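Trainee: One structure, as structure tokens, below. Some questions next.
Bear in mind that the values in this text are calculations on the coordinates, not laboratory data. Just so you know, these numbers come straight off a predicted model, no measurement behind them. Positions of Cβ are generated from backbone atoms using ideal geometry, with glycine treated the same way; all protein chains shown enter the neighbour counts.
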Amino acid sequence: MLTLPPLLQAMTERQEWPRATDADLSLIRAIPPLEVPETYLAFIARFGFLEFDPLDDPCEFDYEYREPEMRMTFSDAITAFMPADYIQRYYEGLVLDEDEDLPKFPAFMLPICFTPSQSHVLLECGGESDRVWFWEFQGDAWGEGVNVRLGFVAQTFQGFLDKLRISED
């Protein structure tokens, strides 16, 4: 069963966000070619598509680039968990679009969170994996130029939730 960190739990008790409907869950399940992790689906059905104000109520997380020679850790923030129609739109544009010059991310990844920039938090789909990654938007197509790396965020979706940092104010 999913648990929320105390500050995130307090936010969900103060305010209610639109929760994923059965239609939303069906739409999301139909998007990638692999199975969408139930942990994520349970989260959006129970708590909804949470939103955070990047200035007044930032929600930050760390991600790590794991290179053979070194590891580099950075931070970013999420502004919202994406509603189902946005997940579909972004997946179609950043995975399925046939324009090879557009930036892309791997087809087994599902965008789940907006950031203040054009980057996305991605959920790994398929099998028993629900790892979370950070895809920093680059103008190059996937596998070209500098658009070849994913930043590791968490081993599980629950781990991602546990790592989210929000202001106590």
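Trainee: With volume of the Cα convex hull per residue in Å³ defined as stated, name the option among [x] 117; [y] 125; [z] 211 computed from the structure displayed.
Mentor: Identified label for the calculated read-out: [x].
Trainee: How about region 1-89: which GluC sites (Glu not before Pro) there lie in a loop by DSSP and see at most 11 other Cβ atoms within 10 Å? Can you show the working numbers first?
Mentor: Working: sites: 13, 16, 35, 38, 51, 60, 64, 69; in loops: 16, 35, 69.
Counting only loop positions with at most 11 other Cβ atoms within 10 Å, the GluC sites (Glu not before Pro) in region 1-89 are 16, 69.
Trainee: What is the gain in length, in nm to one decimal, between residue 51 and residue 128 on full extension, counting 0.36 nm per residue of separation less the C-alpha to C-alpha distance?
Mentor: Details: separation 77, 0.36 × 77 = 27.72 nm, distance 2.74 nm.
Full-extension gain reported as 25.0 nm.
Trainee: A further question follows. Given 0.36 nm per residue, what is the gain on full extension from residue 73 to residue 156 after removing their alpha carbon distance, in nm? Intermediate values should be presented prior to the final figure.
Mentor: On the way: separation 83, 0.36 × 83 = 29.88 nm, distance 1.80 nm.
Full extension from residue 73 to residue 156 adds 28.1 nm.
Trainee: Please compute the length gained on full extension between residue 10 and residue 42, using 0.36 nm multiplied by the number of residues separating them and subtracting their Cα-Cα distance. Intermediate values should be presented prior to the final figure.
Mentor: Working: separation 32, 0.36 × 32 = 11.52 nm, distance 1.85 nm.
Going from the current span to full extension adds 9.7 nm.
Trainee: Let's test the formula: R0 of 35 Å, r as the Cβ-Cβ distance of residue 23 and residue 2. What FRET efficiency results, to the nearest 0.05?
Mentor: It comes to 0.95.
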